[in-house]
Each structure stands twice: as structure tokens, then as C-alpha cells.
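Notes follow once the structure below has been shown.
The values are calculated or read from the model by the stated rules, or taken from the named source; none is laboratory data. Owing to the predicted nature of the structure, the values given are computational and were not obtained by experimental measurement. Here the Cβ positions follow ideal geometry from the backbone for every residue, glycine too, while neighbour counts run over all protein chains shown. For the accessible areas, the whole protein counts, side chains as well, though only heavy atoms, and no ligand, DNA or RNA atoms are used. Shrake-Rupley method; radii C 1.70, N 1.55, O 1.52, S 1.80 Å.
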There are 2 protein chains.
Amino acid sequence: MQIVIIGSGNVAYHLAKAFIQNNIHLKQVFGRNEKDLKEISQELNIPYSTENLADADLYIICVSDSSVENVSQLITEKNCLVAHTSGSLPKEILIGEYRKSSFYPLQTFSKSKELDYSKIPFFIEAENDEDQKILTDLASKISENVMKSDHEKRKYIHLTAVFACNFVNHLFSKAKEISDSQEIPFSYFLPLIDETVKKIHEIEPKSAQTGPAVRNDTRVLELHEQLLQDESLKIYKTMNHSIKKMYQLP
Amino acid sequence: MQIVIIGSGNVAYHLAKAFIQNNIHLKQVFGRNEKDLKEISQELNIPYSTENLADADLYIICVSDSSVENVSQLITEKNCLVAHTSGSLPKEILIGEYRKSSFYPLQTFSKSKELDYSKIPFFIEAENDEDQKILTDLASKISENVMKSDHEKRKYIHLTAVFACNFVNHLFSKAKEISDSQEIPFSYFLPLIDETVKKIHEIEPKSAQTGPAVRNDTRVLELHEQLLQDESLKIYKTMNHSIKKMYQLP
């Protein structure tokens with residue numbers, strides 16, 4: 001099977017790397033950003049182009065959600081399979097006469113970070129069983145966790161990931177803002193953060209909740225509110241309100 | 001030095017265990033809850049009492065913030081040092097004629113979880129240099145990270161921890177609510193969560209931010225809002241608003 005990856009960002013890079021590490025040949029990486037493409041091409045030894053999209057059996061589109069539709073129209077072949085890698089788009093966003101599918105890796109990708117690809121869940125949706133099998137077999141060469149998922153389910157997977165990853169990271173940013181303001185090294189908090197996450201591998205997060213809100217410790221909650229302003233204060237109030245609701249506190 | 005721990009909750013248990021593992025003798029664990037005291041006593045081979053507080057050179061109070069003041073009045077000795085373990089209380093909350101101090105371990109404690117005590121930062125505040133040294137030496141037998149911290153700084157440390165630990169855990173609870181509602185196993189999200197945290201050991205959280213808000217992806221943000229209600233929707237809007245503010249997006 002001849003495979004082309006379209007895109008040169010974090011997802012494209014890591015997916016290409018995962019393929020190469022698992023001895024899956026890539027015919028080309030295609031995109032607009034020559035500098036990024038060149039880097040991927042050199043590191044992983046894959047031909048690249050910014051102009052001539054190679055013929056392939058499978059195109060995997062790894063570009064931002066807002067560009068998927070436009071990019072999909074570059075593929076003029078008919079007898080091929082095209083997959084996007086977005087958590088929030090239906091496969092019908094793809095415009096062309098080819099077979100359409102979604103190949104969604106649930107992970108947060110940064111170019112500079114090494115990743116264990118075998119742990120990344122892949123969610124697959126295709127038009128028919130044959131394509132479903134092609135993509136499932138392909139993802140299974142990379143990962144131990146490959147599952148079927150339609151667009152409806154994928155939307156909720158993506159939404160869950162926003163809470164569990166994007167918002168969590170933003171809380172780390174806000175936490176660091178507070179500790180920076182007092183010249184307390186943020187590294188002091190890393191053992192606590194590590195433990196917070198280790199816990200939920202063993203205990204339900206609902207059972208692992210600690211802190212002033214779940215203890216209904218009004219004194220501390222009021223003290224903290226006096227130390228905060230603006231967005232931090234809004235987050236503080238919103239999160240505590242939600243914690244109290246979850247544990248049915250007054 | 002004769003040490004007594006007052007309390008039988010998670011902090012008391014783990015602090016006692018950390019002392020015993022590092023060959024620091026404990027004279028007694030004292031508290032109200034006989035069942036919990038008995039468990040600690042048997043596991044760690046420390047005498048316990050619910051009635052007769054033993055004489056000691058150092059009392060470490062490990063009870064909830066709201067009980068610290070009352071419990072501190074049980075100590076009638078004068079020539080001793082008393083420490084509380086709260087992140088948000090001043091040492092002056094302690095009522096008695098003894099020397100007052102704070103001995104604050106920055107960690108989230110659950111009884112059932114094994115912990116690497118050497119990584120837990122301890123923040124110490126005492127009335128004088130001698131007591132500061134006693135507590136610093138003691139904490140240094142357990143941990144590699146022992147620092148001086150007055151009440152003002154401790155308040156901010158605690159507040160940072162609420163964002164980085166308590167609120168993060170609540171986001172995991174809310175994420176699990178969403179995935180449960182669609183019968184998607186929450187375990188699928190653990191590799192993503194692990195990676196989110198591994199990242200900030202290497203990159204500033206502000207540089208690691210991903211997701212629809214920082215991409216200013218209005219389509220996805222609107223789609224997600226339609227899938228949410230109540231507290232989850234409030235959290236979604238508050239977090240995205242704060243992310244946009246941090247990255248100066250419209």
C-alpha cells in the first residue's frame with residue numbers, strides 16, 4: 001500500500017515517525033511549509049514535495065481542522081482512500097470522489113517530545129468494512145489501542161480530551177502564574193502534579209478529590225479569593241462551584 | 001528528640017510512615033478516631049492513645065484546618081515545639097505557651113497510595129533559628145526539598161497547589177463524566193493525561209498549550225458548547241475565555 005501524509009505540523013511529524021519506526025513505508029510527505037517538510041524528510045528519510053502530490057492508495061491529512069476541507073480537494077484521484085486525523089470533523093468534510101475516512105490519534109503532540117506510540121488510542125471510521133479493516137490493521141501496527149468510532153462518538157472523545165488535557169494544561173499555566181508572582185519555583189509543584197495523575201490510574205477521580213472546596217472549608221475559600229483577580233478568580237469560583245455541586249455541598 | 005503526631009488521617013498516616021521509614025522514632029500517635037489510630041499503630045508499630053497525650057519535645061498536628069486551633073489547646077506543656085501541617089494557617093493559630101511553627105508537606109495524600117517521600121517539598125516556619133534548624137533537619141531526613149517559608153508565601157503555595165492539583169483532579173472528574181455518558185472507557189484518556197503532565201516537566205505549560213481555544217477554532221468551540229450543560233458548560237466557557245486572554249486572542 002502506498003501512503004502519503006499531507007501536512008508538516010506536529011501530528012504529521014509524529015504519525016510519520018510512528019510509521020517509519022514500525023517499518024511502514026511512506027511514499028511522500030506533502031505540504032506548504034518547505035522548511036518543516038524538509039526537516040521531516042531528512043530525519044525520517046521520506047521524499048517530500050510542496051507542489052506535486054504523489055499518487056497513492058492512502059492519503060492521511062494531518063492539517064488544522066480549518067484547512068482539512070481545502071486540502072482534501074487537492075486529491076484528484078478517485079480510486080484511493082483518504083483519512084483526516086481530526087477529532088471534531090465528520091469524514092464528509094473531505095471533498096472528492098475517493099473513499100472517505102477518519103483516522104484519529106488521541107494524543108497531544110509537540111514536535112520536541114519523544115512519544116510512546118504504542119499507547120496512543122486510534123479511533124477509526126470508514127465508509128465500508130474493507131476500508132475499516134485497512135485502517136485498523138495500519139493503526140494496529142503502531143498502537144495497541146485501536147477502536148472503531150463514528151463522528152458522534154469522536155466529538156465526545158475530543159471534548160473529553162479538551163477537559164483532561166487542554167484545560168488541565170491551562171490550569172498548570174495559571175498555577176505557574178501564581179507561583180511566579182511569589183518567586184516560588186514551579187518545579188516544587190511537579191511531585192504534587194505527578195501524584196495527582198498517578199492517583200487516577202488507581203482511584204476514580206471523584207474519589208480522589210481533595211482541597212478546600214470538597215472539605216467545604218469556607219475560611220480558606222474566602223482567603224484564596226482575596227489573593228486572586230480577573231481570570232484566575234473566575235476559574236477559582238467556577239471550579240469550586242462545580243466541585244461543591246458534584247459532592248452536593250451547600 | 002521525642003516526637004508525637006496528633007491526628008489519624010491521611011497526612012498523619014503518611015508523615016508517620018515517612019518518619020518510621022527513615023528511622024525517626026515516634027513516641028505516640030494521638031487522636032480521636034480509635035479505629036484509624038489502631039491501624040496506624042499496628043502497621044507502623046507506634047503506641048497510640050485517644051486520651052492521654054504523651055510528653056514530647058515536638059508535637060506535629062495533622063488534623064483538618066478547622067480543628068487545628070482546638071487541638072492545639074490540648075498541649076499544656078510549655079517547654080516544647082508545636083508544628084501544624086496546614087498550607088493556609090499562620091503558626092499563630094496555635095494556642096498555647098509553647099514555641100509555634102509550621103511544617104507543611106506539599107503533597108496530596110490518600111491513605112491507600114504508596115508515596116515517594118523524598119520528593120515531597122517541605123515548607124518550614126519557626127519562631128527562631130534554633131527551631132527552624134530542628135524542623136529543617138527533621139524534614140531533611142525525609143525529603144530532598146526542604147525550604148523556609150513564612151505564612152504569606154505558604155498561602156500562595158497552597159493556592160498554586162489548589163490550581164495544579166485539586167482543580168486538575170476535578171477536571172478529570174468532569175472529563176470522566178463526559179466519557180461515561182458515551183460509554184467511552186476513561187482509561188483511553190490516561191496516555192493523553194500522562195503525556196500532558198510529562199510535557200510540563202520539559203516545556204513551560206504556556207508553550208505546551210494545545211486545543212481549540214488557543215487555535216481560536218470558533219467552529220469547534222461552538223460545537224462543544226452545544227454538547228455541554230450546567231457546570232460543565234460553565235467550566236468550558238471560563239477556561240476557554242481564560243486561554244484566549246492568556247494568548248491575547250479576540
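Some notes on this structure:
- Ranking A:Ile200, A:Tyr247, B:Pro191 by how far each Cα lies toward the positive end of the dipole of the protein assembly as shown (charges on Cβ) leaves A:Tyr247 at the top.
- Acute angle (nearest 10 degrees) that the helix A:230-246 long axis makes with the longest principal axis of chain A, alpha-carbon atoms: 80 degrees
- Label points for A:Asp230 are taken 7 Å from Cα along Cα→Cβ. From this copy to the others they lie 3.3 nm apart, shortest first.
- For region A:69-91 versus region A:214-231, the gap between their alpha-carbon centres in whole angstrom: 49 Å
- Directionally averaged projected area (region B:3-149, Cα convex hull): 7.6 nm².
- The long axis of helix B:218-227 is offset from the longest Cα principal axis of chain B by roughly 70 degrees.
- Which listed pairs, of A:Lys141/B:Lys206; A:Lys245/B:Lys35; B:Lys119/B:Lys198; A:Lys119/B:Lys199; B:Lys176/B:Lys234, have C-alpha distances above 25 Å, in listed order: A:Lys141/B:Lys206; A:Lys245/B:Lys35
- Dividing the Cα radius of gyration of chain B by 2.2 N^0.38 Å, with N the residue count, gives 1.23.
- Put the Cα centre of region B:1-52 next to the Cα centre of region A:119-178 and the gap is 46 Å.
- Among B:Tyr156, B:Leu223, B:Asn166 the positive-end extreme of the charge dipole of region B:155-246 (Cβ point charges): B:Tyr156
- Counted over the protein assembly as shown, the DSSP beta bridges are approximately 20% antiparallel.
- Label point of B:Asn33 (7 Å along Cα→beta-carbon): distances to the other copies' equivalent points are 5.2 nm, sorted ascending.
- Selection from B:Ala213, A:Ser110, B:Ile40, by position along the positive dipole direction of the protein assembly as shown (Cβ): B:Ala213
- Sorted from nearest, the other copies put their A:Thr76 label points 9.6 nm away, the label point being 7 Å from Cα in the direction of Cβ.
- For the protein assembly as shown, the dipole from Cβ point charges (+1 on Lys and Arg, -1 on Asp and Glu) about the Cα centre works out to 300 debye, to the nearest 20.
- Assuming charge only on the beta carbon of Lys and Arg (+1) and of Asp and Glu (-1), the dipole of region A:155-246 about its Cα centre is about 460 debye to the nearest 20.
- Between helix B:10-21 and chain B: long-axis angle, C-alpha atoms, 0 to 90°, nearest 10: 60 degrees
- About its Cα centre, the dipole of region B:29-132 is roughly 360 debye, where the only charges are +1 on Lys and Arg Cβ and -1 on Asp and Glu Cβ.
- In Å, descending, principal axis extents of the Cα set of the protein assembly as shown: 88, 40, 39
- Within the same chain, aspartates and glutamates fewer than 8 places from B:Lys27 are excluded, and of the rest, those with a Cα less than 20 Å from its Cα are B:Asp36, B:Glu39, B:Glu43, B:Glu51, B:Asp55, B:Asp57, B:Glu77, B:Asp131, B:Asp137.
- Charge tally in the Cβ shell below 11 Å around B:Lys100, where Lys, Arg are +1 and Asp, Glu are -1, B:Lys100 excluded: -3
- Based on protein heavy atoms only, chain A ends up with 43 Å² per residue of surface accessible to a 1.4 Å probe.
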